[in-house]
Amino acid sequence: MTAPVIGCVADDYTGGTDVAAALRRSGLRTVLLFGPPDPRLRPPECDAVVVALKTRALPAARAVEMSLAAQRWLREFGCRQTYFKYCSTFDSTDDGNIGPVADALLDTAASALTVICPAAPEHGRTVYNGHLFVHDRLLSESSMRHHPLTPMTDPDLVRVLGRQTTHPVGLVPLPLVHRGPAAVADRLAELAGAGVRYAVVDAVEESDLDIIAEAGRNLPVLTGAAGLAGAAGRVSATRHATGPADLAGAGGPTVLLAGSCSAATLGQVGLAREKFAAYRLDPRTVTDVADLLPAARAWLAAHLGADPILIYSSAPTAERGPADPGTAAALEQVMGSLARAAVADGARRLVVAGGETSGAVVDALGITAVGVDAEMDRGVPWCSTLSPEEPLTLLLKSGNFGTPDLLVRAATAGVAR
């Protein structure tokens, strides 16, 4: 069996699907695992393996522990390069977890230096003079400034990462990137020789990512968002045709579950409500969020059938009450329970909107590994469970991803109407 070219450690589940889609798009046969892998697990023949963890908001020590376990498994499986995938908005706090996890991965790989490149130009994330932009705004002027868990108030990545690690952080500016892979590789070697461990690399176009990937192809550890991972796949010598998946065979009842309250998901939910029977989980109507489950379970049993159905807790700020992490966690548990009930009742396709909701659904169903199929939208691939006994088809969507009609299209894809 040929060892995979790239082994990726992602810091959340939808980030894992995003990077897996990028690797598949680049021509690599990709398998996606959820949660710390069983040491005995051996996935099927593939070119890239993504281990999606839920470490972004964990205490740094726990995030490091889980990430090292994933890296160890990937190295034992034969992966030649470890890719640490974080969000293109560099979601983190001054305590981590990007710096602590990257430090640990480099220590284990005995690597002197790696690149830091969260740029994803196709999604409007670019890095210039070491500053991260969201479209035409600095990160600190975007909605990420108000993120409840990881507010990003500083767009200077050299400065941000410098607060998360004790090692020096340097910069590879855009004019040098435009001189090509050899110039970037020389600069990386120069920085490593000077004791710099992290090189923040500017990138504003997809072609910049290709240059960076070529320059870093022999580094034991690469880090970045899905954009650089896709470039790493493109410069790899291992390429395969990865055509569209045949979703016609993925029949059976379809259930949409939406928990994200991002603007993109709210719009998608609004369109889906116009097309399908829908049920809202509203925590304001009960004292204990768990009390929402019986009525929702009854509605699910009554409506599951040939037509797609939608269950959602997504709501604008004015309609969801004060922010409460406990309420959010309880809602995810309810979503996971409903997903498990839907599958027990015969659902075979689940479309899930929101990173935390996706994690709750995957964990509730006990799914540990999937094959990555065609993308419904950029960064939103279909995934198929590897178990032949009870095959499921999943689409796990980050809250901010997708066109307004994504949920509607996903619910009816491959189904004769």
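The values are calculated or read from the model by the stated rules, or taken from the named source; none is laboratory data. Remember, predicted model here, so these are calculated numbers, not experimental data. So basically every Cβ, Gly included, is an ideal-geometry build from the backbone, and we count neighbours across all protein chains shown. Remember, those area values only see protein heavy atoms, side chains included, never the ligands or the DNA or RNA. Shrake-Rupley method; radii C 1.70, N 1.55, O 1.52, S 1.80 Å.
Does Gln81 satisfy the criteria of being out of contact with any helix residue (DSSP H, G or I) (no Cβ under 6 Å at 6 or more places or on another chain), in contact (Cβ under 8 Å) with a residue 40 or more places away in the chain and either open to solvent by less than 70 Å² (accessible area, probe 1.4 Å) or under 18 Å from Ile367 (Cβ atoms) (or both)?
Yes.
Arg40 passes all but one of (1) open to solvent by 20 Å² or more (accessible area, probe 1.4 Å); (2) closer than 26 Å to Arg163 by Cβ; (3) of a type in the set (Lys, Arg); which number fails?
(2)
Is the stretch 35-54 home to any residue that is part of a loop (DSSP other than H, G, I, E, B) and free of Cβ contacts under 8 Å to residues at least 12 places away in the same chain?
Yes, the stretch 35-54 contains at least one residue that is part of a loop (DSSP other than H, G, I, E, B) and free of Cβ contacts under 8 Å to residues at least 12 places away in the same chain.
Only one of Ala323, Ala298, Ala329 is loosely packed, with under 15 Cβ neighbours inside 10 Å, more than 21 Å from the chain's Cα centre (by Cα) and modelled with pLDDT under 95; which? Spell out the reasoning first.
Values: Ala298 fails: modelled with pLDDT under 95; Ala329 fails: more than 21 Å from the chain's Cα centre (by Cα).
The unique qualifying residue is Ala323.
From the list Ala61, Ala22, exactly one residue is surrounded by fewer than 23 Cβ atoms within 10 Å (Cβ to Cβ), of a type in the set (A, V, I, L, M) and over 15 Å from Pro220 (Cα atoms). Which is it?
Result: Ala61 is the single residue among Ala61, Ala22 that is surrounded by fewer than 23 Cβ atoms within 10 Å (Cβ to Cβ), of a type in the set (A, V, I, L, M) and over 15 Å from Pro220 (Cα atoms).
Checking Ala112 against (1) at pLDDT 95 or above; (2) buried (at least 23 other Cβ atoms within 10 Å of the Cβ): exactly one of these is not met. Which one?
Failed condition: (2).
What residue, among those in the stretch 181-225 that are open to solvent by 50 Å² or more (accessible area, probe 1.4 Å) and of a type in the set (Gly, Ala, Ser), is nearest to the chain's Cα centre (by Cα)?
Ranking the qualifying residues of the stretch 181-225, first place goes to Ser207.
Answer with yes or no whether His178 is of a type outside the set (Lys, Arg), within 21 Å of the chain's Cα centre (by Cα) and open to solvent by 30 Å² or more (accessible area, probe 1.4 Å).
So His178 does not fit the description; no.
Leu271 - would you say it is open to solvent by 40 Å² or more (accessible area, probe 1.4 Å), over 26 Å from Thr385 (Cα atoms) and not in a strand (DSSP E or B)?
yes
If you take the residues of the stretch 132-150 that are free of Cβ contacts under 8 Å to residues at least 12 places away in the same chain and part of a loop (DSSP other than H, G, I, E, B), which of them is farthest from the chain's Cα centre (by Cα)?
Asp136
If I filter the stretch 302-332 down to residues being of a type in the set (A, V, I, L, M) and not in a helix (DSSP H, G or I), which single residue comes out as nearest to Gly399 (Cα to Cα)?
Ala315
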